[in-house]
Amino acid sequence: MIKLFNGEKIPMEMHKATIVQKIGMMSTENRLTAIEKAGFNTFLVRNDEVFLDMLTDSGVNAMSDRQQSAMLIAVDSYAGSESFFRFEEKLQEIFGLEHILPVHQGRACENLISQVLVSKGQVVPMNYHFTTSRAHVVVNGGFVEELIIDEGVKVNSNHPFKGNMDLNKLEAFIQKEGREKIAFVRMEAGTNLIGGQPVSMQNFKDVSAICRKHNLISVLDASLLGDNLHFIKKREEPNMSIKEITREIGNQFDIVYFSARKFGSARGGGICVRSREIFDTLKGLLTLFEGFLTYGGMSVREMEAVTIGIEETMDEDIICQGPDFIEFMVDELQKAGVPVITPAGGLGCHLDAKAFLSHVPQAKYSAGALVSALFIVSGIRGMERGTISEDRQPDGSDSLAKLELVRLAVPRRVFSLSHMKFVVDRIIWLWENRELVGGLEFEEEPEILRFFFGRLKPTSNWPKKLADKFEIDFNAL
């Protein structure tokens with residue numbers, strides 16, 4: 001954050017734009033048509049219909065000049081590529097784990113790890129689940145147990161590390177289930193589905209100590225680690241460098257995996273493994289499902305970009321931009337009374353849809369309705385992170401999410417401060433007119449990961465009424 005002469009603090013981009021991409025804003029009428037055509041699912045909206053794409057931070061980050069130039073030196077070889085060895089050496093350097101496997105993206109890591117480590121009936125304790133991480137455990141016959149601290153699922157809190165695992169819950173769960181029933185213990189840094197909330201260094205160490213005491217495999221999903229490193233530096237370990245923090249975290253885990261679409265700001269992913277035995281088993285499946293060991297389903301050009309991106313993640317001036325922009329949005333929205341997740345986390349700004357649309361029941365998918373309403377009045381594409389993102393119960397009833405959120409992701413090095421001010425402005429208008437927004441219900445509902453391809457419809461004519469009111473208000477300005 002930079003302090004201005006008038007006392008105001010603003011986030012400052014520590015980079016400059018050298019390549020730009022034109023974007024455009026459709027009319028309100030056309031945005032209404034677009035969301036109707038997409039079945040009120042922002043995943044199904046076309047990119048050319050979007051003004052500001054805040055659906056995700058995955059695979060949509062801006063690469064640096066160094067990353068793009070590194071792609072030109074890629075060695076395009078099926079086996080033994082020097083691009084892989086540069087990738088391998090960088091990961092060994094920052095995490096300290098010896099054995100490295102490249103994959104095409106993060107969920108490929110989850111697939112391989114779950115196939116190797118999860119047996120039918122086993123359980124994976126987690127601080128909090130992510131949709132695909134849970135799905136891969138379930139597909140392989142297991143189930144997950146969330147052991148987040150109680151503070152983690154509170155909307156408003158001053159706790160600096162709401163992503164922490166509850167140590168007492170973990171110990172009690174191990175005693176109850178027994179070591180043999182636990183496939184591995186998974187930590188996610190930071191926690192995607194509860195507002196990008198970080199995990200503390202001390203919690204990493206404490207969870208690791210428990211795993212070692214009980215001879216359990218510890219696994220870290222480091223996809224959002226860049227943001228988490230920023231928070232540890234800012235809130236817990238100011239005297240450590242980002243690189244020192246990263247290495248200390250790596251020392252706590254048996255396996256570290258990541259999506260480079262987030263961690264590294266390019267396309268691909270990787271698995272870092274301590275055990276030679278586990279590595280050899282993973283290596284066999286890697287070749288079967290992803291590709292040979294030295295490319296693993298990745299383009300070697302992307303591998304070069306990821307290597308530089310990981311190196312750049314060790315620079316606090318680079319990784320602070322996303323969290324600083326998110327903090328700015330959260331602060332501005334709070335001033336206007338808009339309900340948001342606090343404290344500001346990583347990944348994006350998260351609106352509390354249950355409080356925002358208190359008149360819309362969760363069973364009518366308030367987060368899905370809110371993200372659709374925001375698109376209608378702004379062209380901003382966010383993501384529903386609530387009940388639609390959950391799976392149904394065996395009896396067919398909905399699993400109501402603990403938190404009903406709209407995520408407005410902040411891709412790295414993509415947006416400017418004026419973009420953030422526009423987002424805040426349109427959210428505040430929507431907050432002032434929230435009673436116009438109604439619910440949704442499913443028209444087409446896939447059985448697995450329904451939030452990707454499901455299609456919904458409004459329970460009334462509220463989208464048209466909302467669009468009309470927006471046009472009246474802004475034509476009057």
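Candidates 67, 122, 105: the one that is over 24 Å from the mean Cα position of the chain (by Cα), within 29 Å of residue 197 (Cβ to Cβ) and in contact (Cβ under 8 Å) with a residue 40 or more places away in the chain is 122.
Look through region 22-61, keep the residues that are of a type in the set (Gly, Ala, Ser) and more than 18 Å from residue 367 (Cα to Cα), and return whichever of them is surrounded by the most Cβ atoms within 10 Å (Cβ to Cβ). Per the criteria, the residue is 34. Only residues that are part of a helix (DSSP H, G or I), within 23 Å of residue 301 (Cα to Cα) and out of contact with any Gly (no Cβ under 8 Å at 6 or more places or on another chain): list them for region 44-74, please. Within region 44-74, 65, 66, 68, 69, 70, 71, 72, 73 qualify. Among the numbered conditions (1) modelled with pLDDT of 95 or more; (2) touching a helix residue (DSSP H, G or I) at 6+ places or on another chain (Cβ under 8 Å); (3) assigned to a loop (DSSP other than H, G, I, E, B), the only one that residue 119 does not meet is (2). Of the residues examined, residue 145 is one that is touching a residue at least 12 places away in the same chain (Cβ under 8 Å) and over 24 Å from residue 286 (Cα atoms). Going through (1) under 30 Å from residue 353 (Cβ atoms); (2) assigned to a helix (DSSP H, G or I); (3) at pLDDT 95 or above one by one, residue 171 falls short only on (1). Cβ separations smaller than 7 Å between residues 6+ apart or across chains give the following pairs from region 280-308 residues that are among the small types (Gly, Ala, Ser) to residues that are assigned to a helix (DSSP H, G or I) and surrounded by 21 or more Cβ atoms within 10 Å (Cβ to Cβ): 296/286; 297/108; 305/67; 305/70. Specify the residue that is surrounded by the fewest Cβ atoms within 10 Å (Cβ to Cβ); the eligible residues are those in region 387-398 that are in contact with a helix residue (DSSP H, G or I) (Cβ under 7 Å, 6 or more places away or on another chain) and under 18 Å from residue 144 (Cβ atoms). It comes out as 389.
Yes/no matrix, rows are residues, columns are (1) buried (at least 24 other Cβ atoms within 10 Å of the Cβ); (2) outside any loop (DSSP other than H, G, I, E, B):
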| site | (1), (2) |
| --- | --- |
| 334 | no, yes |
| 337 | no, no |
| 359 | no, no |
| 372 | yes, yes |
| 406 | yes, yes |
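Which residue is farthest from residue 463 (Cα to Cα), if the candidates are limited to region 362-387 and must be out of contact with any Asp or Glu (no Cβ under 6 Å at 6 or more places or on another chain) and of a type in the set (D, E, K, R)? Per the criteria, the residue is 385. Scanning region 330-352 for residues that are in contact with a Cys (Cβ under 9 Å, 6 or more places away or on another chain) and either under 27 Å from residue 245 (Cα atoms) or charged (D, E, K, R) (or both) yields 330, 341.
Once region 73-86 is narrowed to residues that are in contact (Cβ under 8 Å) with a residue 24 or more places away in the chain and more than 14 Å from residue 100 (Cβ to Cβ), the residue that is surrounded by the most Cβ atoms within 10 Å (Cβ to Cβ) is 74. Checking each residue of region 14-21 against the condition of being outside any loop (DSSP other than H, G, I, E, B), surrounded by fewer than 20 Cβ atoms within 10 Å (Cβ to Cβ), out of contact with any Asp or Glu (no Cβ under 7 Å at 6 or more places or on another chain) and among the polar types (S, T, N, Q) gives no match. Within region 428-445, is even one residue closer than 27 Å to residue 129 by Cα, crowded, with 20+ Cβ neighbours inside 10 Å and not hydrophobic (A, V, I, L, M, F, W, C)? Yes, because at least one residue in region 428-445 is closer than 27 Å to residue 129 by Cα, crowded, with 20+ Cβ neighbours inside 10 Å and not hydrophobic (A, V, I, L, M, F, W, C).
Would you confirm whether any residue within region 456-474 is hydrophobic (A, V, I, L, M, F, W, C), closer than 27 Å to residue 197 by Cβ and either assigned by TED's automatic domain parsing to the domain that holds residue 31 or touching a Lys or Arg at 6+ places or on another chain (Cβ under 9 Å) (or both)? Looking for residues that are hydrophobic (A, V, I, L, M, F, W, C), closer than 27 Å to residue 197 by Cβ and either assigned by TED's automatic domain parsing to the domain that holds residue 31 or touching a Lys or Arg at 6+ places or on another chain (Cβ under 9 Å) (or both), one finds none in region 456-474, hence no.
The values are calculated or read from the model by the stated rules, or taken from the named source; none is laboratory data. Being a predicted model, the structure only gives us computed values, none of them experimental. Backbone-built Cβ (ideal geometry, glycine too); neighbour counts: all protein chains shown.
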